[in-house]
Number of protein chains: 2
Amino acid sequence: MDEPSLEEALDRTSVNVPAPAPPAGPPRGHARVQDEDYASRSSEPDPEDPKLARLIADVRDYQLTHGSLLKLVRYVTPTQTSAASVNVSLYPTPFPGKFYRGAVALQHSMNQLYVRVANDEDWLYSVLGPQIQGDPEGLTSSLWDVHVKCREAGVVQDVGCGVFRSDYMLHAEDEEAALSGGGMITLKQVEMNHLSVAGAYHADNVAGMHRYLLQKRIAERTEDPMELRRLLPNTNTASLVTGLTRAHRVYREQESPHDREGPSCILMVVQPFNFNIADERPIEHGLWDEDVPCYRCEWRSVLMQCRLADGERKLYFRPEGSGTEFEVSVTYYRAGYDPREYADNNGRETRVLLEMSRAIKCPDILTHLATFKSVQQALAEPDVAEGFLAGHTTEQQQSAVRGTFMHILPLDTSPAGMEARRIAADLELSDAYVLKPNLEGGGHNIYRDDIPGFLANVGEERWHEYILMKMITPPTSTAGMLLTAEEGLYHGDVVSELGVLGFVMWKRPRGSAGKICGKGKDVRPDVEILENETVGWTFKTKPRDVDDMSVVKGYGCFDCPLLS
Amino acid sequence: MDEPSLEEALDRTSVNVPAPAPPAGPPRGHARVQDEDYASRSSEPDPEDPKLARLIADVRDYQLTHGSLLKLVRYVTPTQTSAASVNVSLYPTPFPGKFYRGAVALQHSMNQLYVRVANDEDWLYSVLGPQIQGDPEGLTSSLWDVHVKCREAGVVQDVGCGVFRSDYMLHAEDEEAALSGGGMITLKQVEMNHLSVAGAYHADNVAGMHRYLLQKRIAERTEDPMELRRLLPNTNTASLVTGLTRAHRVYREQESPHDREGPSCILMVVQPFNFNIADERPIEHGLWDEDVPCYRCEWRSVLMQCRLADGERKLYFRPEGSGTEFEVSVTYYRAGYDPREYADNNGRETRVLLEMSRAIKCPDILTHLATFKSVQQALAEPDVAEGFLAGHTTEQQQSAVRGTFMHILPLDTSPAGMEARRIAADLELSDAYVLKPNLEGGGHNIYRDDIPGFLANVGEERWHEYILMKMITPPTSTAGMLLTAEEGLYHGDVVSELGVLGFVMWKRPRGSAGKICGKGKDVRPDVEILENETVGWTFKTKPRDVDDMSVVKGYGCFDCPLLS
């Protein structure tokens, strides 16, 4: 695979591009605002403002001494590395405490929901089948093929785990009322992420940074000491390390005492040339601090450095240049989501090798597939999510989950799909919608009145590869100051996205793993959830006029909620 | 002051250059080894060695995620900062445990010694007087003038504190025997540092890094698990934060309850354009974590941002752009040591303002002066150090301190000075010596057979501004691998320098502070030592053939001792 873009490395968003790709160039602004307007409000800070200059120096030096950096992989030499700071908000952004607490409280149910979805192969196939059949060379098909191969070989590991992140924004149904601060406000889910979830370490650091900056303002008597209570600590990295350590120990406990004598490790499968090493290395370092060996292996090197032992299908990994093989306890995926990674047979073979093994996958391939947009759309249909949650959550919890779903339509030939096609073809109606490719992760969305023209170019036979989601319209105007690498300083209205991180571990009934499960809510497979934790949060803020929350395009910034 | 060189920022070494400056160009290698030899053994790593490539990637990414970086101040824009990694050793370097423990045990006495020296004005003047009288425009004179002004105004703060670092190398008297591993080995003091002591945070990080790398080698079965016991943890930064916090509280306790209501802070006086923010910012962040406000003020801005209140001479500081003034509890100097900082009257006025105030100085100006090389030379004369230590340490401790002193001669017209002049003029005799300017800190030394030619250019009337020190000749050949920014990878023999960090706080008898004290050991001023702590270590390693331990010239590298 070629060197990924900054965005790929940092956001895990732009890589799953179905052909034809969206128009090149910067992301489109909100239809009502021209890009020129945005540019005119971004600037270098005023040299006459020494307080602002001091704030920026404090921010940049905090980032430098805490590793809130991007590795400039283009400038790496064999012996030297350079780095640049990541985009951040200069002040924490107000966010209602009740919605923050609501999102955190929801994570337990969200984790439940997606674990149960990921263990219902029949239902997943009912959702993903059309895409698999329609594009045998596509990513969904590649992943499903891998799954089928593994199922046919027989599943040898009944424990799975995952790092999940559910993203939310505040929403007011009436956009005009919202802009004047009125209307009913709700918390809406943007998407659910299961694979190579990003931002944990940056979010930890930005929490510490905003605490330090607020302490300064309080000391300078420009803010009230009680404001400190409105900031949250964050321990994503430590919690993920704890979760992965537990998964490692579960694997080790499955082994006979004799087998436990050999060296074992967690294998972090990574992309080459990753800018965003702050997402990977701190977890690796934290695991070693817990005496859990953790090695990184590049996706393209898995077939060379890993092998499956016959019989028990233990996965063995050999570090570059080492004579020692490690038995892999947990495969932690930070790669394997990019269609280009499956462009040749090596990609599929790589995933098969990893998935077929006895290692605990974080996450397994069905959990990966459960994060595709059409799954989100299907769960939003009446009673579907409730069917998965019934018996495991209260009706109140089910209702809370349901309450976060936006209106989402498939773009197929069902009645709902036909309704979606009508909206998507209409310049005026489509202005309230976003078109998303049916893949996992964010990015490469088509917004509002760009949709009709985009779909016209795609060709109707591929429309089913997209879903149409009502735009989330944040309710209030919040002023913010964002410090970005590409665009300088932005002053203006901002909106934020809250992500809640969870760690989940589950166990399938022996012998059932990956096998056919009953369809319909009465015969769901009985997955035992061993761990269901809410581990921390991420918070990103962007100019209100920009639809895309990309951190590296110069719009989205790491930030903290200032709870109200 | 202009932008300092990388070396100035990182090593605090090269700035005190008496005219004429040493020859330009790279530092001279050991007389017996040509620079070309050194260059030929520095190289980019072999791409055929995947284990080494992996090790280097592990090192560079550890540095990036832990802030072991230099800020590329030349490339800073108003909104963006870039950074590059600091030089490190790829493996910890063997160092005998008994000498490490000996150096640590010595710190208590070394702290004692220099606190008592710094509080004996008469004795200090007897040592520094010739230089003060000989060069009224020099740094020593500037500092002494500041001291006299403060003394005449009357001292209003009887508590002082300091962060000290005593540097050592292993030494074998017989250099030829030493190279073959023979001869008696002793620990010798290179120098004592009192002002803007560097390397604390880098040394903390490199300790964590080498632990992580060793854990990997142990996991890969190429090293024994018992090796972990040979590595030391390091908590310099946390300990310095604790010390400064205590000094802050001592100051606050001196105040009336009413006065304590106003905002107060520790003032870190810094140089502009500092590459090495990792030496400053983590201490600032640590203080805020302890709820102790800490602000940085650039040396050149002190007169604008600080003022002395009449009467009590409280020092007030106003952050840039802030309407709030802070009463300064502790002045922590990370600037004020560079002759260029005193080049105009503003420099002296800056130091007077800070020194004359009620703030606790870390350290005060006599403690600053006590770190000059001629003090080190004078203490090495028979019975002098013992005179300061008598009554406060055991004879055994005094003897241990004495044992670390190298043969040091003044270059004046005393009998010892005439002996030194004879050696320094002789190409053969001088080969065992280093010529050091009589200033604090390291750097700008003239080595071995360069000395006769250098002195011939200086002019005899200024020879008294130097001391002549016997070269420390490390006893064994140790193989090492150093990773440097400028020179790439160095494989070859290395030598290391161990620094032991101390934190000291003391109190003078009321009214005596800075006043004349009795000369001679029977009437030493009775300073009460409130805190005498050994807080951590630094360890730097360089190619054996290079005399200079500069980290940024591409020779010296942060490292850890591997205790034997």
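Within chain A, DSSP assigns beta bridges of which about 75% are antiparallel (rounded to the nearest 5). Residue by residue, segment B:362-373 carries 3J(HN,Hα) couplings of 10, x, 7, 6, 5, 5, 4, 5, 5, 9, 6, 4 Hz when phi is fed to the Karplus relation 6.51 cos²θ - 1.76 cosθ + 1.60 (θ = phi - 60°); x denotes Gly or Pro.
Inter-copy label distances for A:Gly321: 4.6 nm (label point placed 7 Å from Cα along Cα→Cβ; shortest first). Shown in residue order for segment B:252-259 are the 3J(HN,Hα) couplings computed by the Karplus curve 6.51 cos²θ - 1.76 cosθ + 1.60 at θ = phi - 60°: 5, 6, 6, 8, 6, x, 5, 5 Hz (x for Gly and Pro). Distances between placed amide hydrogens fall under 5 Å for B:Val535 paired with B:Leu501, B:Gly502, B:Phe503, all partners being 5 or more residues away or on another chain. Among the GluC sites (Glu not before Pro) within segment B:248-355, those in coil by DSSP and having at most 16 neighbouring Cβ atoms inside 10 Å are B:Glu290, B:Glu312. Applying the Karplus relation 6.51 cos²θ - 1.76 cosθ + 1.60 with θ = phi - 60° to segment A:468-473 yields 3J(HN,Hα) values of 10, 10, 5, 5, 7, 10 Hz, where x marks Gly and Pro.
When a/c reaches 1.5 or more, the comparison of a/b and b/c decides; with that in mind, is the protein assembly as shown rounded, prolate or oblate per its Cα gyration tensor?
Numbers: a/c = 2.48, a/b = 1.77, b/c = 1.40.
Here the protein assembly as shown falls in the prolate category.
Among beta bridges from DSSP that stay inside the protein assembly as shown, the antiparallel ones total about 75%. Database remark: amide H of A:Lys314 closer than 5 angstrom to the amide H of A:Ala309, A:Arg358 (H placed geometrically; neighbours at sequence offset of 5 or more, or on other chains; Pro and chain starts carry no H). Computed from the C-beta positions of A:Arg221 and A:Ser399, the FRET efficiency with R₀ = 51 Å rounds to 0.65. Residues of segment B:469-505 falling in the label zone of A:Gln80, defined by backbone nitrogen less than 12 Å from a point 7 Å along Cα to beta-carbon, are B:484-489.
Could you let me know the centre-to-centre spacing of segment A:96-119 and segment A:188-247, using Cα atoms, in angstrom? The distance from the Cα centre of segment A:96-119 to that of segment A:188-247 comes to 18 Å. Between amide H atoms placed 1.01 Å from N, distances below 5 Å from A:Glu298 occur with A:Val270, all of them 5 or more places distant or on a separate chain.
Full extension of the chain between A:Arg101 and A:Arg300 gives 67.5 nm of extra length, using 0.36 nm per residue less the Cα-Cα distance. Compute the FRET efficiency between A:Arg229 and B:Glu176 as 1/(1 + (r/R0)^6), taking r as their Cβ-Cβ distance and R0 = 56 Å, and round to the nearest 0.05. Given R0 = 56 Å and the Cβ-Cβ separation, E is 0.20. Remark: mean inter-chain Cβ contacts per residue of B:54-62 equal 6, using a 10 Å Cβ-Cβ cutoff to other protein chain atoms. Count Lys and Arg as plus one, Asp and Glu as minus one, and take only other residues whose Cβ is under 14 Å from that of B:Leu498; the net charge is then +2. Using a 7 Å projection from Cα along Cα-to-Cβ, the label point at A:Thr222 is separated from the same position in the remaining copies by 5.2 nm, smallest value first.
Hey, fewest Cβ within 10 Å first, where do B:Thr79, B:Thr541, B:Thr235 land in order? Could you put the intermediate results ahead of the total?
Values: B:Thr79 21, B:Thr541 29, B:Thr235 15.
If I rank by nearby Cβ atoms, fewest first, I get B:Thr235, B:Thr79, B:Thr541.
About its Cα centre, the dipole of chain A is roughly 1180 debye, where the only charges are +1 on Lys and Arg Cβ and -1 on Asp and Glu Cβ.
Counting only other chains, what is the mean number of Cβ atoms within 10 angstrom of the Cβ of each residue in peptide B:68-79? Let's see the in-between values first.
Working: counts 2, 7, 1, 4, 4, 0, 0, 2, 2, 5, 13, 16.
For peptide B:68-79, the averaged partner shielding equals 5.
The mean count of C-beta atoms from other chains within 10 Å of the C-beta of residues in A:312-322, rounded to a whole number, is 3.
What value, in deg cm²/dmol to 500, does the helix sum -39500 (n - 2.57) over DSSP H runs of n ≥ 4 give at 222 nm once divided by the residues of chain A? Intermediate values should be presented prior to the final figure.
Details: 18 runs with 194 residues, N = 564.
Helix-only estimate at 222 nm: -10500 deg cm²/dmol.
Sorted shortest first, the distances from the B:Pro50 label point to those of the same residue in the other copies are 5.7 nm; each point sits 7 Å from Cα along Cα-to-Cβ. Using only side-chain charges placed at the Cβ, +1 for Lys and Arg and -1 for Asp and Glu, the dipole size of the protein assembly as shown relative to its Cα centre rounds to 2060 debye. Approximating the spin labels as points 7 Å out from Cα along Cα→Cβ, the A:Arg340-to-A:Glu48 distance works out to 4.7 nm. Between A:Glu531 and A:Glu312, what FRET efficiency comes out of the Förster formula 1/(1 + (r/R0)^6) with R0 = 35 Å and r the beta carbon distance, rounded to 0.05? The formula returns an efficiency of 0.90 here. Inter-part distance, segment B:385-425 to segment B:429-505, computed on C-alpha centroids, equals 18 Å.
Would you work out if segment A:6-563 is rounded, prolate or oblate? Take a ≥ b ≥ c from the square roots of the eigenvalues of the alpha-carbon gyration tensor; rounded if a/c is under 1.5, else prolate when a/b is larger than b/c, oblate otherwise.
On the way: a/c = 1.58, a/b = 1.20, b/c = 1.31.
It comes out oblate by the Cα gyration axes.
Values in this text are rule-based calculations from the coordinates and carry no lab data. Values in this document were obtained by computation on a predicted structure and should not be read as measured data. A quick note on method: Cβ atoms are made from the backbone with ideal geometry, for glycine too, and the neighbour counts reach across all protein chains shown.
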